[in-house]
Amino acid sequence: MLDYSKSFIEVQFPVSRISKESYKERKANLGQTLTGLGKWWGRKPLVLVRATLLGVLMPVSNDYSKDREIFLKIMTMDDDGLWLRKKDNISKKDLWKLTNEEERKEFFREGSTAKKPKYPLGMKRENKKKMKDELQRIAFNRLSYDDKLSYCKRPEEVELINEKAWKEINEHLETNASNLQELIQQLGEKRFGHTPKVGDCFAGGGSIPFEAGRMGADVFASDLNPAASLLTWASLNITGCSDEKVEELKEFQQKVYDEVDKQIIEWGIEHNEQGHRADSYLYCAEVECPECGYDVPLAPSWIIGKGTKTVALLKENGNNNNFDIEIIQGASKKQMKEADKLSTVVSNKVYCPHCDSKTPITSIRKDKKTSNEIIYGVEAWEKEKFMSAEDDIFKERLYAIKYIDNEGERYYTSPTKEDLEREEKSIELLSERFDKWQKKGYIPIDKIKSGEKTDEPIRTRGWQYWHQLFNHRQLLINGLLIKVAHEKAKTQKDKVISLLGVYKCSTWNSKLSFWDSSSANEKGSSTFYNQALNTLFCYSTRSLSMLSNSWFYNINNYEFESKSKVRPMDARNINEKQDIWITDPPYADAVNYHELSEFFLVWDKSLLKNTFPEWYTDSKRILAVKGTGQSFNEGMVEIYKNLSDNMPDNGYQVVMFTHQDVKVWSELTMILWLAGLKVASAWNISTETSSSGIKQGNYVKGTVLLVLQKQTSDDFAFQDEVYDEIQYEVQSMIDSMKGIDYKDLPDFTDADYLLASYAAALKVLTSYGEIDGIDIDYWLAGDRSEENPVEKLIKKARDVANSYLIPDEFEKNHWFELSNTERYFIRGLELEMNNEHSIGAYQELAKGFGVKDYKDMFYSFEANNARLKAPLEYKMSYLDNKLNDNDFKGSLVRHLLVAIYEAAKNQSTASGRSYIKSVFNQSQDYWYKKPLMNEILTFISKLEMIDTMEHWHQDAKYAKLLRESLKNEGV
């Protein structure tokens, strides 16, 4: 019997597999479906969106295990689905490792070895293929889920067409579908009476609308920012179009590029006298040393290419009071060392090689500090200025060019007299067109508005207008691309693909693009290597040919024809009814989308307006909901209240946000509660790769899915009543999760159970219209340092979970005989078994058990490298000779660790048993405590099988031997 009053995602969610799939998608980099369209921050993995929407639409039955089986089958995450997705063969050597002796006799030639396994001879081709397929399947099934994924395509790259699979899916869900799109439509009809309507009012890079549309739902997408709306429109209408249409768009891109290329060749500004074309130009800032008057070129390092061993060496020019810059390719070790050592910018100071002086950059800029503010001394650039003048504090200098010769070989050179003449010509060409192109919108004209990130170029360089973040060559190429695109674009898609092309070109070709000298690169990098507008002392400029990868960007298309509507608008003004809202709000977000996106929006507003006449073209910065605090909270309540009003009573919302701490949870809960929503469930998915952004310290690489429904209750409750309900709900949720978890491939870790306890608390809290003593308006109005009541209740829920989570090796009554510190130590080992090393996780666990003094238990307490001591590391330290349950030093667990240490040191369990008996000193408690000691030793002994806990292996082995010795005692 199917229950459509509940969703699969309310009851369970295979977080482990979805986390692994999300990670795999992230690691695809440029192979990801949407990233080719253009830069946006924080796109969620498409597989996460797919799982979320399916989880919301799928009903539950009275067989939760079968529900999960069907969910994984639809997602192609079950055994058959993974086999369908397998694209690479397992090597012969690995096949040998993964088979047993009998199988090796059957599948390999006699005389085969691990180093040289060979298939049998004399088999017919079809029989050999069948044999190889069977062997691949046997080996593949023995791999871990992670290892299987390394051989597989992503779920989005395959289509489930197996009739047997669909028969099983349809029988369970009472549907009649033969593909994912039909299934989604039918599930929507059963739940809502029509094809499901899915909305996202923080569309950003378009992940949620695109995947919902590809799955067969009708889609509404909006974002306050028109640059985000453009990316979302492109994801639905360009990434979602046919191969034939994509080919037409590529032909259009080629026509534009060819005409621009023809013009640049005709101008003669990128080719030298040998006919070699420039690849890249390297520029540096130059300042006058206040001590000696020399002009000093600035660079944090003068290494240009580590692979080609190319350096720039400074040579004093006494006649001109400056430095000549010599470019050497194939430099010696000594020259490489000299180039790296002779940095002229060190710790924000200018170093002058002539007089050996160091001057702070702030002094060079002539900044002044008053009692109230810093007055920046660099002169502001006027609107018509696009290059530095001789009397500027920071002058710009072309110091190296990378050319490609007629054989395709690249080489570096110092600019020659003729190169500098070509430089002058490119400046003249831009000067002749500058006013006209600004008026027509081919190059930026807007002034930079003051803001947290946009103030940087204004105060550090005096760049007041957006075009001043680009040099003459960059403006000339981008402007020419837009001009030609204007003239040749005939369709809406032509115009959109042109705009996105220019956005990508500007990202990789601005004065904020640093030169990457690493061996694998030696090229210019993205403006947004972090989430800021960083001015540089050295930057790179790409020639047209080097911009081709930006102009001809990846379109990884998947054709679909769902109904979709996209528009830029304030989420508070939406009046589109949707069955399901899935959103990724800018909650406590470090990214200033509204400011950074202006970097794109200033390029060709006229073409954007011409393409979408009903859209506005500015970032609407004043309306952006950002940061934290009272105005943010009020804005979020308005938005989510509006979304709640625009969904049916049986509708759902899923809010994605980065899991931080209990305070963040409590504030978000109050926002959603005040907006008329209640929590149904919450799940934590790991979505970040290790290199995504510059992060330090302990951080959570995860996204929380908060599943919400309309709050329709007016019930009132007292806080003590609510606490009893929370306790029951936490315990019920943990029991339910443990009941459906796979033993061989667990989905849930301690972190998931703790997160479930948060969700359980929020579920109870938000089910009431009002709770005595909780004034939501008061707590959301302003930044309050004291702990709010919702925070307190969530922490109580966490404490309940910590007490209730009992390792499998322990009887419940025995577990509670242990002190809080002992339970903390054992549960801490469970964290380490799950490869959890963040200090935050151990601190949260300590809070849950009320343990304050725990640092002596740790071998390492470093960020992301935390772990507890093993017996061999403890030895006899931190020890009370008598049993004392009130202190870990004298606890039973601590004494058992000593017994293990003694047994391992003397290679005799008799030593360990003798130590334990001496601690009990003939007390009858010894016999009473033996079952508990056996359970503790059983728990420790399983650490021998944990690959990542090698430091415990010997101790775990002796824990097992000691346990057997205690068991056999007296038998």
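Going through the range 72-120, which GluC sites (Glu not before Pro) have at most 12 other Cβ atoms within 10 Å and a DSSP loop state?
On the way: sites: Glu101, Glu102, Glu103, Glu106, Glu110; in loops: Glu110.
Filter output for the range 72-120: Glu110.
So, counting K/R as plus one and D/E as minus one, what does the shell of residues with Cβ under 10 Å around Leu818 add up to? Each step should come with its number before you reach the end.
Values: positive: Arg823; negative: Glu817, Glu822, Asp885, Glu935.
Neighbour charge sum, excluding Leu818 itself: -3.
For Val219, enumerate residues with amide H under 5 Å from its amide H, sequence gap 5+ or separate chain, H modeled in the peptide plane.
Here the answer is Val198, Lys563, Ser564, Lys565, since their amide H atoms fall under 5 Å of that of Val219.
Given the -39500 (n - 2.57) contribution per DSSP H run of 4+ residues, what per-residue ellipticity at 222 nm results for the chain, rounded to the nearest 500 deg cm²/dmol? Working shown, then result.
Numbers: 38 runs with 430 residues, N = 971.
Helix-only estimate at 222 nm: -13500 deg cm²/dmol.
Packing-wise, with mean Cβ within 10 Å as the measure, how do 331-340, 255-264 rank, highest first? Walk me through the numbers on the way to the answer.
Numbers: 331-340: 15.0, 255-264: 17.3.
Highest to lowest by the protection proxy: 255-264, 331-340.
Mind checking the angle between helix 662-674 and the chain's longest principal axis? C-alpha axes, 0 to 90 degrees, to the nearest 10.
The angle comes out near 80 degrees.
First select every other residue whose beta carbon is under 9 angstrom from the beta carbon of Lys930; then total the charges, Lys and Arg +1, Asp and Glu -1. Let's see the in-between values first.
On the way: positive: Lys929, Lys967; negative: Glu969.
Spelling it out: positives minus negatives among the neighbours equals +1.
Each residue of the range 750-766 in order: what ³J(HN,Hα) in whole Hz does its phi give by Karplus 6.51 cos²θ - 1.76 cosθ + 1.60, θ = phi - 60°, with x for Gly and Pro?
The phi angles translate into 3, 4, 5, 5, 5, 4, 4, 5, 4, 4, 4, 4, 5, 4, 5, 4, 7 Hz.
What is the fewest-to-most order of Val158, Val898 by other Cβ atoms lying within 10 Å of their Cβ? Let's see the in-between values first.
On the way: Val158 15, Val898 20.
Arranged by neighbour count, lowest to highest, Val158, Val898 become Val158, Val898.
In 10 Å bins starting at zero, report the fraction of Cα pairs in the chain per bin as a rounded %.
2, 10, 16, 19, 19, 17, 12, 5, 1, 0, 0
Run through the DSSP bridge list for the chain and note the antiparallel percent, rounded to the nearest 5. Before the final figure, lay out the partial values.
Details: 62 of 79 bridges.
For the chain, the DSSP antiparallel bridge percentage is about 80.
Determine, for Ser347, Ser235, Ser543, the number of other Cβ atoms within 10 Å of each Cβ, and report the residues in order from fewest to most. Don't skip to the answer; put the middle values down first.
Values: Ser347 10, Ser235 29, Ser543 23.
Exposure proxy ranking, most exposed first: Ser347, Ser543, Ser235.
Mind ordering 350-362, 221-233, 713-725 by average Cβ neighbours within 10 Å, highest first?
Numbers: 350-362: 15.8, 221-233: 26.5, 713-725: 13.2.
Peptide ranking by packing, descending: 221-233, 350-362, 713-725.
Would you please give the residues with an amide H less than 5 Å from that of Ser681, counting only those at least 5 places away or on a separate chain, with H modeled from the backbone geometry?
Val707
Starting with the highest mean, order 852-858, 274-280 by the number of other Cβ atoms within 10 Å, averaged over the residues of each peptide. Walk me through the numbers on the way to the answer.
Working: 852-858: 13.7, 274-280: 17.3.
Going from most to least packed, we get 274-280, 852-858.
Taking amide H positions as placed in the peptide plane 1.01 Å from N, state which residues far from Cys152 in sequence (5 or more) or on other chains have amide H under 5 Å from it.
Lys87
What is the helix-to-structure angle for 417-440, meaning the angle in degrees between its Cα long axis and the longest Cα principal axis of the chain, kept from 0 to 90 and rounded to the nearest 10?
On a 0 to 90 degree scale, this one is about 80.
Size of the range 806-968 along its principal axes in angstrom, Cα-based, largest extent first?
Its Cα atoms span 43, 30, 29 Å along the three principal axes.
We did not get these values from a lab; they are worked out from the coordinates using the rules stated. Predicted model, so just to flag it, every value in this text is computed and none were measured. Reconstructed Cβ throughout: ideal geometry from the backbone, glycine too, with neighbour counts over all protein chains shown.
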